[in-house]
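The values are calculated or read from the model by the stated rules, or taken from the named source; none is laboratory data. None of these values were measured; they are calculated from a predicted model. Positions of Cβ are generated from backbone atoms using ideal geometry, with glycine treated the same way; all protein chains shown enter the neighbour counts. Just so you know, the surface numbers come from the protein's heavy atoms only, side chains and all, with ligands and any DNA or RNA stripped out. Shrake-Rupley method; radii C 1.70, N 1.55, O 1.52, S 1.80 Å.
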Amino acid sequence: MSVTTLRKVFCIRNLLIRSAAHKKTSYLHNQVTLPLTDQPTIIMIGILLFLFVQAIPAELFPTNARLGNECCCQELLSSLPGLVAHPADTRYNSSLKSYWSTQEQALLPYCIVLPRNSEDVSRVVTVLTASNSTSPCRFAIRGGGHASFSGAANINAGVTIDLQVLNEVTFSANKSVVHIGGGSRWGHVYKTIVPARKAILGGSVGVPGLVTAGGYSYFSARYGFVFDCVSNFEVVLANGTLVSANAVSNAQLYRAHKGGQNNFGIVTRFDMRTFDQGDLWSGTWIHPVSASSSSFMAFENFANSQNNDMDAALISTLTATSKSTWTLSSTMKYAQPIPRPQAFSEFFKLSTIQHSEEIGNLTALTAGEPLGEPGYRWLSATATYANNATMMEAFFKLANQTVQQLPSDPAFSFSLSYQPLTKNMASQGARFGGNSYGLENLEQDHAIYVVNLRWSSAENDNVNDDLIRDLFTASDVAAQSMGLYHPLKYTNYASLWQNPISTYGNQNIKELWDVSKEYDPQQIFQERVPGGFKLPKLPLV
Ligand SMILES: Cc1cc2nc3c(=O)[nH]c(=O)nc-3n(C[C@H](O)[C@H](O)[C@H](O)COP(=O)(O)OP(=O)(O)OC[C@H]3O[C@@H](n4cnc5c(N)ncnc54)[C@H](O)[C@@H]3O)c2cc1C
């Protein structure tokens with residue numbers, strides 16, 4: 001028998017074993033029962049084939065993990081015909097090309113499955129987690145595909161579940177809640193809600209990764225992180241059941257999804273509280289780098305809870321496009337159509353090279369965001385320090401030293417951004433069932449620092465990674481010596497090596513593990529979904 005025939009036989013054998021064990025799949029949320037095999041003739045042929053294949057000695061079957069995952073794709077194909085894309089399929093390539101970073105684009109799953117709705121996701125998970133599998137299926141969960149590190153939302157030689165088709169956006173009857181499909185992008189969401197003069201907390205790229213890990217929004221000063229405005233998560237669990245997680249039902253799972261990302265299930269729908277919102281003001285001021293010290297002082301004053309205007313959002317960014325060329329920018333948003341709001345007055349006084357400003361709605365302002373470009377190698381890393389201009393200055397000095405050491409690269413760009421994390425913003429989570437960050441009682445105002453590095457040559461991967469790690473090690477030491485250190489590594493900006501969930505505090509981590517053991521007793525999302533930020537092993541050192 002040829003290897004190809006053996007492979008087919010092996011997959012058929014697996015299929016038969018699985019369909020015998022999983023003849024029926026129950027969807028507990030609505031008690032609908034979907035028969036997978038119901039034709040007596042097919043069952044009879046199946047039994048005969050099953051007996052025949054069972055008679056072949058096990059050692060004749062190629063049982064390595066690679067082949068096992070090929071079989072997972074075969075099994076998906078028979079359960080969800082039309083939704084599985086193999087490498088020869090144009091959908092496979094367009095899915096890969098639509099990842100933000102080339103590190104993610106480079107991973108080659110055996111197949112990509114494209115569910116159309118929650119029930120499809122449930123079927124996919126049921127097939128992939130069938131317990132009597134000879135070689136367990138390994139899979140990745142992909143939303144917008146904007147997390148940059150390799151393996152965040154894609155997988156080599158496994159199955160990638162691409163949720164991008166789940167992008168339906170609808171209002172509740174009174175428009176107080178918007179239901180958002182688990183693979184949506186923010187621009188699409190805003191197009192639906194802005195005409196009704198409604199808004200939600202959101203970002204500018206992919207929805208699910210951002211929401212399940214926190215989320216900075218234009219409105220965060222008033223309402224907190226984006227996940228604090230989720231009233232309900234619809235989730236497919238490891239056993240394929242579809243559940244709702246909210247403050248009343250599955251409350252621990254609800255809290256866990258606010259920070260726990262892909263560790264408990266696949267979110268197929270986010271229900272988010274809306275609020276009334278008209279036009280906003282947006283301004284970007286570019287300053288010479290000589291204004292950086294004054295800008296750090298302006299930032300410290302702005303991010304101080306005592307003066308903080310809750311309609312105002314700010315990102316201060318230093319960008320190096322070469323080892324000697326730095327620019328400084330202040331990106332400002334105001335949740336009222338008021339030109340040059342008082343909240344930013346100190347930034348308007350800084351020496352300015354050029355500026356732009358507009359009043360517009362959320363759709364227009366998000367579309368105008370300077371997001372950078374997909375299709376490069378990207379690394380982002382983060383730290384949290386108390387709100388302090390001296391610390392910002394110290395970090396900039398360290399960053400400049402790092403920039404001098406980074407290898408030359410045609411696509412080189414390095415940016416360092418500061419965003420306020422005020423006590424008010426951090427405390428919002430407690431109003432709506434809490435979140436996993438454990439920041440409710442933050443004692444002083446902080447700032448989140450994020451570095452984004454862009455390059456093109458894979459040869460530079462390791463040295464870039466090492467130098468950015470060294471930068472954050474040095475800045476942590478500096479912050480500790482000034483008494484300004486906070487352990488949080490904000491998950492949406494973290495590198496894989498920063499292990500951000502380990503920074504949520506021992507009690508929160510223990511609760512996340514409790515949820516994992518209760519809702520995923522076989523630890524599917526820890527072991528068969530290797531990508532993304534996993535729960536840290538306890539006890540923490
Ligand atoms: C250009 C750009 C702009 C950005 N702007 C902001 C910003 O304004 N504010 C901010 O806070 N962050 C911002 N980020 C960071 C961004 O929020 C994160 O990269 C986030 O993970 C992107 O979400 P995604 O759905 O595209 O993620 P993906 O890369 O698809 O997934 C990220 C992680 O989430 C998991 N995941 C995805 N979908 C699901 C699901 N349905 N259920 C369970 N797990 C899932 C994946 O398995 C993966 O581990 C930005 C990033 C970029 C590249």
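Figures for the structure shown
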item: Count of the stretch 448-501 residues which are of a type in the set (Lys, Arg), more than 19 Å from Ser322 (Cα to Cα) and within 16 Å of the ligand (Cβ to nearest atom); result: 1
item: Residues satisfying the stated conditions in the stretch 158-175, i.e. part of a loop (DSSP other than H, G, I, E, B) and out of contact with any Phe, Trp or Tyr (no Cβ under 9 Å at 6 or more places or on another chain); result: Leu163, Gln164, Val165, Leu166, Asn167, Glu168, Ser172, Ala173, Asn174, Lys175
item: Enumeration of residues in the stretch 462-476 that are closer than 12 Å to Ser495 by Cβ and open to solvent by 40 Å² or more (accessible area, probe 1.4 Å); result: Asp465, Asp466, Arg469
item: Residue within the stretch 113-126 that is away from the ligand (no atom under 14 Å from the Cβ), of a type in the set (S, T, N, Q) and in contact with a helix residue (DSSP H, G or I) (Cβ under 7 Å, 6 or more places away or on another chain) present; result: no
item: Search result, residues across the stretch 519-531 that are open to solvent by 10 Å² or more (accessible area, probe 1.4 Å), in a loop (DSSP other than H, G, I, E, B) and closer than 28 Å to Glu104 by Cβ; result: Gln522, Gln523, Arg528, Pro530, Gly531
item: Sole exception among (1) in contact with a Pro (Cβ under 6 Å, 6 or more places away or on another chain); (2) away from the ligand (no atom under 16 Å from the Cβ) for Pro288, by number; result: (1)
item: All positions within the stretch 104-123 that are part of a helix (DSSP H, G or I) and in contact with a strand residue (DSSP E or B) (Cβ under 6 Å, 6 or more places away or on another chain); result: Ser118, Val121, Ser122
item: Criterion violated by Val178 - all others in (1) of a type in the set (A, V, I, L, M, F, W, C); (2) more than 14 Å from the ligand (Cβ to nearest atom); (3) open to solvent by 10 Å² or more (accessible area, probe 1.4 Å); (4) closer than 29 Å to Asn424 by Cβ satisfied; result: (3)
item: Total residues in the stretch 165-175, condition more than 12 Å from the ligand (Cβ to nearest atom) and open to solvent by less than 40 Å² (accessible area, probe 1.4 Å); result: 2
item: Residue that is least open to solvent (accessible area, probe 1.4 Å) [pool: residues in the stretch 306-325 that are part of a loop (DSSP other than H, G, I, E, B) and under 15 Å from His446 (Cβ atoms)]; result: Asn308
item: Selection status of Gly429, part of a loop (DSSP other than H, G, I, E, B) and of a type in the set (Gly, Ala, Ser); result: no
item: Yes/no for Ile193 being away from the ligand (no atom under 13 Å from the Cβ) and either open to solvent by less than 20 Å² (accessible area, probe 1.4 Å) or under 20 Å from the mean Cα position of the chain (by Cα) (or both); result: yes
item: For His188: the one exception among (1) more than 13 Å from the ligand (Cβ to nearest atom); (2) open to solvent by 30 Å² or more (accessible area, probe 1.4 Å); (3) in a helix (DSSP H, G or I); (4) in contact (Cβ under 8 Å) with a residue 12 or more places away in the chain; result: (1)
item: Hey, Ile155 part of a strand (DSSP E or B) and more than 7 Å from the ligand (Cβ to nearest atom) or not; result: no
item: Thr366 of a type outside the set (D, E, K, R), under 30 Å from Ser94 (Cα atoms), buried (at least 21 other Cβ atoms within 10 Å of the Cβ) and out of contact with any Leu (no Cβ under 7 Å at 6 or more places or on another chain); result: yes
item: Only one of Ser502, Ser516, Ser436, Ser456 that is open to solvent by 40 Å² or more (accessible area, probe 1.4 Å) and not hydrophobic (A, V, I, L, M, F, W, C); result: Ser456
item: Hits in the stretch 477-496 (condition: farther than 11 Å from Phe533 by Cβ, open to solvent by 30 Å² or more (accessible area, probe 1.4 Å) and in a helix (DSSP H, G or I)); result: Val477, Gln480, Ser481, Tyr493
item: Selection within the stretch 135-148 - at negative phi and either within 9 Å of the ligand (Cβ to nearest atom) or open to solvent by 50 Å² or more (accessible area, probe 1.4 Å) (or both); result: Pro136, Arg138, Ala140, Ile141, Arg142, Gly143, Gly144, His146, Ala147, Ser148
item: Among residues of the stretch 346-363, those that are more than 26 Å from Ala199 (Cα to Cα), of a type outside the set (Val, Ile, Thr) and open to solvent by 80 Å² or more (accessible area, probe 1.4 Å), counted; result: 3
item: Close pairs (7 angstrom Cβ cut-off, 6 or more residues apart or separate chains): on the phi > 0 side of the Ramachandran plot in the stretch 361-384, more than 9 Å from the ligand (Cβ to nearest atom) anywhere; result: Gly372/Arg454; Gly375/Thr102
item: Subset of the stretch 82-97 (residues that are more than 12 Å from Thr160 (Cβ to Cβ) and polar (S, T, N, Q)); result: Thr90, Asn93, Ser94
item: Identity of the residue in the stretch 257-275, within 18 Å of Gln428 (Cβ to Cβ) and outside any loop (DSSP other than H, G, I, E, B), that ends up nearest to the ligand (Cβ to nearest atom); result: Phe270
